[in-house]
Structure formats: C-alpha cells, structure tokens
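The structure appears below as structure tokens.
The values are calculated or read from the model by the stated rules, or taken from the named source; none is laboratory data. These numbers were taken from a predicted model, which means no experiment stands behind them. No Cβ is skipped: glycine too gets one built from the backbone with ideal geometry, and neighbour counts run over all protein chains shown. Note: areas computed on protein heavy atoms with side chains; ligands, DNA, RNA excluded. Shrake-Rupley method; radii C 1.70, N 1.55, O 1.52, S 1.80 Å.
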Amino acid sequence: MDLNHTPPKAVWPAELSLGEGPLWDDRSQRFFCVDIHGCAVHAWTPASDQRQSWKMPERIGWLIPRKDGAGFMAGFQSGIVHLTLEPELHWTPVAQPHPGEPTVRLNDAKADAHGRIWAGSMDNDDPARRTGRLARLDPDLQCAIVETGIYIANGPAIAPDASWMLHTDSFLNTVYRYQMDPRGQFSAKTVWRVFTEEEGTPDGMTIDSEGCIWIAFWGGACIRRFSVDAKCLQTIAIPASQVTSISFGGPDLQTMLVTTARVGLDAAALEKHPLSGSLFTLRTGVTGLLPLAFG
Ligand code: BGC
Ligand code: CA
C-alpha cells in the first residue's frame with residue numbers, strides 16, 4: 001500500500017555543490033548535512049527555520065553522533081576525525097583508512113547497534129579508479145579495512161540488530177547485502193539489486209520502522225522505498241536530478257530530509273531543476289529510526 005506523503009518542499013535552497021550526509025540530531029532537534037565539495041557542515045532547525053554553517057578544513061562526507069555527547073565523528077577526505085562544532089570548531093584525527101592515497105576520500109558512513117562505524121571511500125578525482133574501500137571503526141578506535149576494490153562506496157543501511165548490511169557500489173549501480181556476525185565479520189556477500197540506467201544510480205539509504213529500505217537516486221530525480229527483499233514499493237519524485245541521500249527526523253521521526261547536488265549539471269539541467277543543491281523535506285507517512293551513535 002502506498003504511503004500518504006506530502007510533496008517535497010525546498011526548505012533551504014542552499015545551492016550545495018554535493019549536498020550529502022543528512023542526519024537528524026535528536027539532542028539539538030536539528031538536521032545536519034554536509035557539502036562534500038563545498039567543505040562545509042550545515043544545520044537546519046525545523047522548529048525555527050534557523051540555518052547554521054561551519055567551514056571545514058577539507059572535504060567532508062558525513063557526521064555521526066557520539067554516544068558520549070562530545071560532538072561527532074566525521075569523515076574528512078583524509079580520514080575519520082572527532083569533530084566538535086560547538087562551542088568551538090575543533091577536530092582531532094582518529095583513523096586513516098586510505099593512507100598514501102590523497103585523491104581518495106571518505107564518502108558515506110553509518111554507525112551500527114554495536115557502536116561501530118562502517119565507512120566507505122572513493123577516488124574523488126577519478127571515480128573509475130577502483131581504489132574505494134570499506135572500513136570499520138570499532139568503539140576502541142581500532143580501524144579495520146574489510147573490503148578493497150570498490151569504485152564508489154555508498155549508502156550503508158544497517159539492520160537494527162546489525163545482522164546484515166546493505167552497501168552500494170554506485171559505479172556498478174549495484175546494492176549488495178552482507179551477512180554479519182556480532183563481531184562485524186562478513187559471512188556472505190550477495191547482490192541485493194542491480195538498477196538500470198533509467199532508474200538512476202543508488203546513493204544514500206535509510207531504513208524505516210517497518211523494516212523498509214529507502215534509497216536516494218542520483219540521476220533519478222527520486223527516492224524509492226523497497227521491501228527488505230528488494231521489491232520497489234513506492235517512488236517519490238524530487239525536483240532535483242542528483243538526489244544524494246535521505247534521513248528521517250523531526251520530533252516524530254516522520255519528516256524526511258533529502259539532500260541533492262548541483263555538481264556536474266550543465267545550464268540546461270539547471271534550468272530544468274533550478275532547485276538542485278537544495279535541502280528538501282517531506283512528511284513520509286511512516287516513522288523512521290533514530291540514527292545510531294558511535295562509541
Ligand atoms: C558521491 C558522488 C557520486 C554520487 C553518485 C555520491 O555519494 O559523493 O561523488 O557522484 O555518489 O555515484
Ligand atoms: Ca552518498
């Protein structure tokens with residue numbers, strides 16, 4: 001049955017180059033997101049429409065809250081850092097999953113129920129280079145490379161009990177399913193679904209409280225909701241072609257923040273989708289899950 005959702009609304013026409021990493025911060029009742037190429041973190045408060053921005057020292061792909069409340073873990077181009085934004089901007093390097101690869105950058109990540117971070121990377125300058133990796137950062141700050149040979153690592157979505165994970169290689173238009181044990185070891189990797197060019201490229205993902213998977217489609221101008229066994233249940237059009245990622249939030253976790261990108265769009269594409277690079281929200285008609293924290 002289709003969800004009864006509201007149309008997407010551009011709440012912040014921020015003209016982000018590569019808007020990404022949407023995150024609901026329950027503590028401050030704000031949505032955070034990043035502009036990867038704009039080297040910035042942005043925050044939007046739904047209740048007051050307050051907008052805040054912080055300039056970063058390098059490209060940044062994501063923020064993940066910390067269980068101890070001391071700011072965030074963040075994925076800089078060069079590696080994982082401990083980042084605080086308030087009262088002052090401060091960062092401390094924590095782990096480098098791709099040392100000696102200056103053109104590789106961290107791209108997308110999530111925490112799981114064991115407080116670990118799963119973070120993928122890609123070559124920023126040439127996405128056709130297969131230098132992307134998938135790393136796992138444990139709460140004791142040990143970092144393990146669990147997979148190499150990825151083109152564009154994207155959108156982890158992790159089962160609430162951490163028994164499986166979906167992870168995407170966007171270059172191959174393929175979402176994979178990994179079976180995981182409690183120590184975070186993979187026992188099987190299977191293809192979850194391959195998408196056609198017409199459908200768009202799978203990018204960021206999230207899971208709702210009914211166990212369905214939501215995926216943002218780069219080049220697809222939409223988000224889609226899937227059953228856990230990869231059947232498409234619903235497509236929602238977004239007025240921007242490069243839809244990068246999604247996050248549930250708001251006090252009832254039924255609002256979805258959608259990030260989009262302007263990078264690479266020519267004049268004709270921008271004329272067709274002038275709101276590209278905006279932050280959009282919509283009421284989904286289903287409740288999301290609170291993002292998990294590191295530590
Ligand atoms: C990456 C972009 C890439 C897009 C689609 C995003 O996660 O940051 O560089 O173009 O996915 O594959
Ligand atoms: Ca992404």
Per the filter on the range 106-133, residues in a loop (DSSP other than H, G, I, E, B) and within 15 Å of ligand 2 (Cβ to nearest atom) are ASN124, PRO127
Given the structure, is ALA159 of a type in the set (Gly, Ala, Ser) and under 25 Å from ASP229 (Cβ atoms)? yes
Among the residues of the range 46-77, the number that are closer than 24 Å to GLY277 by Cα and open to solvent by 20 Å² or more (accessible area, probe 1.4 Å) is 14
Result of the Cβ filter at 6 Å on the range 94-119, keeping first residues that are hydrophobic (A, V, I, L, M, F, W, C) and within 16 Å of ligand 1 (Cβ to nearest atom) and partners that are in a loop (DSSP other than H, G, I, E, B) and at pLDDT 95 or above, at least 6 apart or interchain, is VAL104/HIS98; VAL104/THR131
Given (1) more than 16 Å from ligand 2 (Cβ to nearest atom); (2) touching a residue at least 24 places away in the same chain (Cβ under 8 Å); (3) farther than 22 Å from ALA113 by Cα; (4) in a strand (DSSP E or B), MET73 misses just (3)
Within the range 191-227, residues of a type in the set (A, V, I, L, M, F, W, C) and within 13 Å of ligand 1 (Cβ to nearest atom) come out as PHE195, MET205, ILE215, ALA216, PHE217, TRP218
Note on SER209: of the conditions (1) surrounded by 21 or more Cβ atoms within 10 Å (Cβ to Cβ); (2) among the small types (Gly, Ala, Ser); (3) within 21 Å of TRP24 (Cα to Cα), unmet is (1)
Residue hits (the range 184-203; open to solvent by 40 Å² or more (accessible area, probe 1.4 Å), under 19 Å from ILE117 (Cα atoms) and part of a strand (DSSP E or B)) are PHE186, SER187, LYS189
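One line per residue, one yes/no per condition, for (1) among the small types (Gly, Ala, Ser); (2) within 16 Å of ligand 1 (Cβ to nearest atom):
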{"position": "THR6", "(1), (2)": "no, no"}
{"position": "VAL41", "(1), (2)": "no, yes"}
{"position": "ALA47", "(1), (2)": "yes, no"}
{"position": "TRP62", "(1), (2)": "no, yes"}
{"position": "ALA74", "(1), (2)": "yes, yes"}
{"position": "VAL81", "(1), (2)": "no, no"}
Screening LEU134, LEU141, LEU166, LEU172 for residues that are over 23 Å from PHE217 (Cβ atoms) and modelled with pLDDT of 95 or more leaves only LEU141
In the range 243-273, anything touching a helix residue (DSSP H, G or I) at 6+ places or on another chain (Cβ under 9 Å) and assigned to a strand (DSSP E or B) is listed as none
> Within the range 228-238, is there a residue that is touching a Gly at 6+ places or on another chain (Cβ under 8 Å), more than 16 Å from ligand 1 (Cβ to nearest atom) and either at pLDDT 95 or above or of a type in the set (Val, Ile, Thr) (or both)?
Replying inline: yes
Within the range 162-185, residues within 17 Å of GLY211 (Cα to Cα) and touching a Gly at 6+ places or on another chain (Cβ under 9 Å) come out as ALA162, LEU166, HIS167, VAL175
Of HIS90, HIS98, the only residue that is surrounded by 22 or more Cβ atoms within 10 Å (Cβ to Cβ) and more than 15 Å from GLY295 (Cα to Cα) is HIS98
Taking the condition open to solvent by 30 Å² or more (accessible area, probe 1.4 Å), more than 17 Å from MET205 (Cα to Cα) and away from ligand 2 (no atom under 15 Å from the Cβ), does LEU233 pass?
no
GLY149: passes all of (1) buried (at least 23 other Cβ atoms within 10 Å of the Cβ); (2) assigned to a strand (DSSP E or B) but (1)
